[in-house]
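Peer 1: Right, I'll just put the structure down here and ask away after.
The values are calculated or read from the model by the stated rules, or taken from the named source; none is laboratory data. Since the model is a prediction, treat every value here as computed from it, not as a measurement. Every residue, glycine as well, gets a Cβ built from its backbone with ideal geometry; the counts of neighbours run over all protein chains shown. Keep in mind that these areas ignore ligands, DNA and RNA; they rest on the heavy atoms of the full protein, side chains included. Shrake-Rupley method; radii C 1.70, N 1.55, O 1.52, S 1.80 Å.
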Amino acid sequence: MERIARCHTPYHRVLDETCDRLHRKFGTVWHINCHSMPSQRSGKKGGHCADFVLGDRDGTTCAPELTDFVARVLRGCGYTVRINEIYKGVEIVKRQGRPAVRRHSLQIEVDRALYMDQKTLARTADFARLRADVTRLIEALKSFATERLDEGARVAADD
């Protein structure tokens, strides 16, 4: 209970306040919740799932265009991507995602084998590639959001 009071509750309060403030300021929010998932490359849980799993709780936490955009960018980098397989999105995206009011939340799970040895926790030689590709994704998301903010401003100006 102490850890919930000390860590969990303040974290969610700050996230709620930040998303609320940004939504008031911009009229929309695109929230990305990133996690790493244990690799399933060994086949222990039914084989290799994917390099990335995107979770939007079956389309309920963000507009499909966001999920599709992130999937396209990652696939363009050469990764395998699944949507709502094994990881559909947890409480954070459920809590933040309300696409009907332009609050979008997407969970991204990254296979740990892409960047680390899961036994020793040491970075692998592929760490630099993944870091560069995640940076590329962040830049693409920045463009995605900027274009939609600009479109919203043009629509508001036309009204």
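Peer 1: I need the semi-axes of the equivalent ellipsoid of the chain: take the C-alpha gyration tensor, multiply each eigenvalue by 5, square-root it, list largest first in whole angstrom.
Peer 2: Rounded to whole Å, the semi-axes are 29, 21, 15.
Peer 1: Can I ask one more? Each label point is 7 Å from the Cα along the Cα-to-Cβ direction; what then is the distance between the points at His12 and Ser36, in nm?
Peer 2: Between His12 and Ser36, the label points sit 2.6 nm apart.
Peer 1: Quick check: at a probe of 1.4 Å, how many percent of the accessible area of the chain sits on carbon and sulfur atoms?
Peer 2: Details: 5260 of 9700 Å².
The C+S portion of the solvent-accessible surface of the chain is 54 percent.
Peer 1: Using DSSP, restrict attention to beta bridges with both residues in segment 1-149 and report what percent are antiparallel, rounded to the nearest 5. Can you show the working numbers first?
Peer 2: Working: 6 of 18 bridges.
Bridges in segment 1-149 that DSSP calls antiparallel: roughly 35 percent.
Peer 1: When averaged across all projection directions, what area in nm² does the alpha-carbon convex hull of segment 79-124 cover? Show your work: numbers first, answer last.
Peer 2: On the way: hull surface 18.3 nm².
In nm², the orientation-averaged hull projection of segment 79-124 is 4.6.
Peer 1: Compute the accessible area per residue over segment 1-133, keeping the other protein chains in place, probe 1.4 Å, unit Å².
Peer 2: Numbers: 7790 Å² over 133 residues.
About 59 Å² of surface per residue is accessible.
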